[in-house]
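Below is one structure, written out as C-alpha cells; comments come after it.
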Amino acid sequence: MYFPLTPEQDMIRMMVEQFARREVAPGAAQRDREAKFPEELIGKLAGLGLCGMMVPAAYGGSEVGAVAYVLAVMEIARACASTAVTMSVTNLTSEPLARFGSEEQKQRLLKPLAGGEVLGAFALTEPGAGSNLAEIQCQARRRGSRYRLNGTKIFITNGGYAGLFFVLARTGESGGRGLSAFMVEKGAPGLKIGRSLSKMGLRASNTVELLFEDCEVPEENRIGKEGDGGRVVAEALASGRIGIAAQATGMIRACQEEAVKYANERRQFHKPLSAHQAIQWMIADIATGREAAELLTLSAAALKDREQPFTKEASMAKLFASETLNRSAYQALQIHGGYGYTSEFPIERIYRDARVTTIYEGTSEVQRMLIARETLK
Ligand SMILES: Cc1cc2nc3c(=O)[nH]c(=O)nc-3n(C[C@H](O)[C@H](O)[C@H](O)COP(=O)(O)OP(=O)(O)OC[C@H]3O[C@@H](n4cnc5c(N)ncnc54)[C@H](O)[C@@H]3O)c2cc1C
C-alpha cells in the first residue's frame, strides 16, 4: 500500500506497534476469557499520549492528528479489539469538547480527559432510540442554573470506569432539534451505573446501562446552546466512525496474519494448506480487502486533518472496513477448519469481536443511508 506518512506519523505507528506487541497482545485471550477490563493498560495508553490524540496540546492532548490516531487504533486493534474500542471511545468523548466546548470547559473537563487522567464515555443509545437518535427520551429539565436529567442509556462503552460522560438528552420539542449535549461527571448526584452487559465479543470492554434519576448537571456542563445537541453529535460521530474503521482495519490485518500462519503450518493432502488454490484465493481476498480498508480509512482521516469535509468518507470507510472484516474473519476461521472454532486459536476471539463493528457507531444500514444522502445531493 502507498500512503505518504510524515516521519512523525510513521514513528507513532512503530511506537504503538511495539507497545501493542509487548503489552497489549499477550493478555488479550485471558482478558476475553475472564471478561476483564484492560484497566492496567489505560495508564500506559495515557502515558504514550493515546487518549487525546486529536486534542491540542494546550488542552492536554498529544495533538498528532487523525492520521496518526487511526494508525495507532489499527495497531492496538490488531492486538486486542477490546482495548482498541476502550481507547477509541475515550478519544471520541473529547471531540465535542475540543470542537464546541468553551475555554472554561476545555480547561476544566477536556484537559484531564485528553491527558488520560479520566476515561471518557459517550452516551447516546437508549432502549427506545438506537439508529434513530431523534427518538431520545432522556429528559434534561432546567431549574435555574442547573439541569435535572431523567432517563436510561444503554450499551455505554467504558461506562463503569469513566470519569466523564458525554450525554445527549432532550431539552425541547420532539425530534432531533430538541436535543442538547451535556458532560456529566462521575459522582454527579443521581447518576447510577446499571448492569454490565454480557456480550458475544469485545468481552474485555465494558458496556453498561446508565440510569439518570434526577441527576443534577450544572449549566456550565452543557456543550453548545440548548438544541445544538444533534449538530454536536453528528460531527463527533463522523470522527468516531473513522476510529471504528481503523479498529476494523487493524482486525483485518490480524485475520490475515492468523490465516497465513495457519495455512503455512497445517498440512492436508500431503502439502501445506497454503499450497491449495482455494485457500490462496481466500488469503488474496483478505489481503486485498485490508489494503482497500486501510486506504479508505487513512484517506478519511487525512481529510479531517486538512479540515475538509469528511463525513461521507468516514461512513464509507466504516461501512467498507467493518463489512470486509466480517468476511475476512469468516474466511480466516474457515482456513483454520475445526480448530478455528475452538478458543485455542486467536481467530475464534477475532471472529466474535468482529461482529459488532457493523453495528455500533451506526449500523451498516445507517452508513448506507448517510452515504446515499450525500451522493444523491
Ligand atoms: C458492544 C456495543 C457497544 C456500544 N457502545 C455504545 C456507546 O458507547 N454509546 C452509545 O451511545 N451506543 C453504543 N452502542 C449502541 C449502538 O450504537 C447501537 O446498538 C446501534 O446504533 C444500533 O441501535 P440498536 O441496537 O437500537 O438497533 P436498531 O436501531 O433497533 O436497529 C435494528 C436493525 O434495524 C436496522 N434499521 C434501523 N433503522 C433502519 C432503517 N431506517 N432502514 C433500514 N434498516 C434500519 C438497523 O440497521 C439494524 O440492523 C453499542 C452497542 C454495542 C453492541
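Read-outs throughout are calculated quantities, based only on the coordinates presented, and are distinct from any laboratory measurement. Just so it is clear, the model here is predicted, and its values are computed rather than measured. Heads up, the Cβs are rebuilt from the backbone with ideal geometry, glycines too, and the neighbour counts pull from every protein chain shown.
For the range 231-376, averaging the sequence separation of C-alpha pairs within contact (under 8 Å, six or more residues apart) and dividing by the residue count gives a relative contact order of 32 percent.
Could you tell me which of rounded, prolate or oblate describes the range 236-310, using a ≥ b ≥ c as the square roots of the eigenvalues of the alpha-carbon gyration tensor, with rounded for a/c under 1.5 and, failing that, prolate when a/b is larger than b/c and oblate otherwise? Walk me through the intermediate numbers first.
Numbers: a/c = 5.10, a/b = 3.40, b/c = 1.50.
Taking the square roots of the gyration eigenvalues as a ≥ b ≥ c, the range 236-310 is prolate.
Averaging the sequence gap over all C-alpha pairs within less than 8 Å and six or more residues apart, then dividing by the number of residues, gives the range 120-228 a relative contact order of 31 percent.
Taking the three principal axes of the alpha carbon atoms in the range 7-114, the coordinate ranges are 42, 34, 17 Å, sorted in descending order. Evaluated over the Cα positions of the chain, the convex hull gives a direction-averaged projected area, one quarter of its surface, of 18.5 nm².
With neighbours defined as other Cβ atoms within 10 Å of a residue's Cβ, the residues R222, R266, R352 order from fewest to most as R266, R352, R222. Annotation note: GluC sites (Glu not before Pro) in the range 83-182 located in DSSP loop regions with a Cβ neighbour count of at most 12 within 10 Å are E173. Diffusion of the range 92-163 by Stokes-Einstein, at 20 °C in a medium of 1.002 mPa s and with Rh set to the Kirkwood radius over alpha-carbon pairs, works out to 155 µm²/s. Here H276, H270 are placed in order of increasing Cβ neighbour count within 10 Å, fewest first, which gives H270, H276.
Hydrophobic, long helices, defined as DSSP H runs whose alpha-carbon span along the helix axis is 15 Å or greater and whose mean Kyte-Doolittle value is at least 1.0, occur in the chain at 65-79.
Quick check on the exposure proxy: order I76, I136, I154 from fewest to most C-beta atoms within 10 angstrom. Present the calculation step by step, with values, prior to reporting the outcome.
Numbers: I76 30, I136 26, I154 20.
By the 10 Å Cβ count, ascending: I154, I136, I76.
Which pairs in the list K36/K312; K106/K304; K318/K377 are over 32 Å apart, alpha-carbon to alpha-carbon?
Working: K36/K312 35 Å; K106/K304 21 Å; K318/K377 21 Å.
Over 32 Å apart, Cα to Cα: K36/K312.
The share of alpha-carbon pairs in the range 120-227 lying farther apart than 20 Å comes to 34%.
What longest range of the chain stays clear of loop-exposed chymotrypsin sites (Phe, Trp or Tyr not before Pro) (DSSP non-H/G/I/E/B, at most 13 other C-beta within 10 angstrom)? Show your work: numbers first, answer last.
Numbers: sites that count: Y2, F269.
Looking at the chain, 3-268 is the longest stretch - no exposed chymotrypsin sites (Phe, Trp or Tyr not before Pro) with at most 13 other Cβ atoms within 10 Å.
Can you give the calculated 222 nm mean residue ellipticity of the chain, where each DSSP H run of n ≥ 4 adds -39,500 (n - 2.57) and the sum is split over every residue, rounded to the nearest 500 deg cm²/dmol?
On the way: 11 runs with 182 residues, N = 377.
Roughly -16000 deg cm²/dmol at 222 nm, from the helical runs in the chain.
Think of each Lys and Arg Cβ as +1 and each Asp and Glu Cβ as -1; about the Cα centre, that makes the dipole of the chain roughly 520 debye.
Work out the P(r) tail for the range 231-376: percent of alpha carbon pairs separated by more than 28 Å, whole number.
For the range 231-376, the share of Cα pairs beyond 28 Å comes to 26 percent.
Before anything else, pin down the relative contact order of the chain: Cα pairs under 8 Å, at least 6 apart, normalised by residue count, whole percent. Provide the component values of the computation, followed by the final result.
Values: 757 pairs, mean separation 61.1, N = 377.
Answer for the chain is 16 percent.
Computed FRET efficiency, Cβ-Cβ of E344 and S198, R0 22 Å: what is it to the nearest 0.05?
Approximately 0.50, to the nearest 0.05.
The separation of the range 102-117 from the range 191-260, counted between C-alpha centres, amounts to 18 Å.
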